[in-house]
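Below: the structure, in structure tokens.
Each reported figure results from applying straightforward, stated rules to the coordinates on display, with no laboratory input. Given the structure is predicted, the values throughout are model-derived calculations rather than measurements. FYI the Cβ positions are ideal-geometry reconstructions off the backbone, even for glycines, and counts take in every protein chain you see.
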Amino acid sequence: MASILVVDDSKTIRNLLAYILKSKNYKVDTASDGLIALEKVFSNTYDLVITDINMPRMDGFKLIESIREEESYKFLPIIVLTTEAKEEARRLGIKKGANLYLTKPSDPQTLVAYVKMLLASNGGKNPA
Ligand SMILES: [Mg+2]
């Protein structure tokens, strides 16, 4: 069973995503900001991270950047799920290393389809 870390400062969003993902039999852990998420990523094993952008203490951009700085997390699949819809933000998210950039509200079925797709492709892990 794949394990997913959901990062969002909104408890409502965390609970909603956890509910959706658990209903699809994923194991779900949550974090309320980027700093807590980073600590969790480095001390647990997750198969995928879904992160918000706008959060206190450490935002999603910095979180993604910090994860990607570590060689062993180069291929950890990361989905951004945010209200930040500006093209500039989208570009920055992808540049920092997000595999996908989705905007809220995202249809649960679409989100689950993307999660499945990324888990299947192993985050684009180098086959060599
Ligand atoms: Mg937020």
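Derived scalar couplings between HN and Hα for the stretch 19-35 equal 4, 4, 6, 5, 5, 9, 6, 7, 7, 10, 10, 10, 9, 9, 7, x, 5 Hz in order, rounded to whole Hz, by the Karplus curve 6.51 cos²θ - 1.76 cosθ + 1.60 (θ = phi - 60°), x for Gly and Pro. Checking every one of the GluC sites (Glu not before Pro) in the stretch 1-106 against DSSP loop status and a limit of 16 other Cβ atoms within 10 Å picks out E69, E70.
Placing unit charges on each Cβ (+1 for Lys and Arg, -1 for Asp and Glu) gives the chain a dipole about its Cα centre, and among I53, L119, A89 the Cα reaching farthest toward its positive end belongs to L119.
Other residues with beta-carbon under 9 Å from the beta-carbon of R68 carry, at +1 per Lys or Arg and -1 per Asp or Glu, a net charge of -1. Each Lys or Arg adds one and each Asp or Glu takes one away; over the other residues whose Cβ falls under 12 Å from the Cβ of M1, this sums to +2.
Amide H to amide H, with H built 1.01 Å from N, L102 comes under 5 Å of V80, L81, T82, counting only residues 5 or more places away or on other chains.
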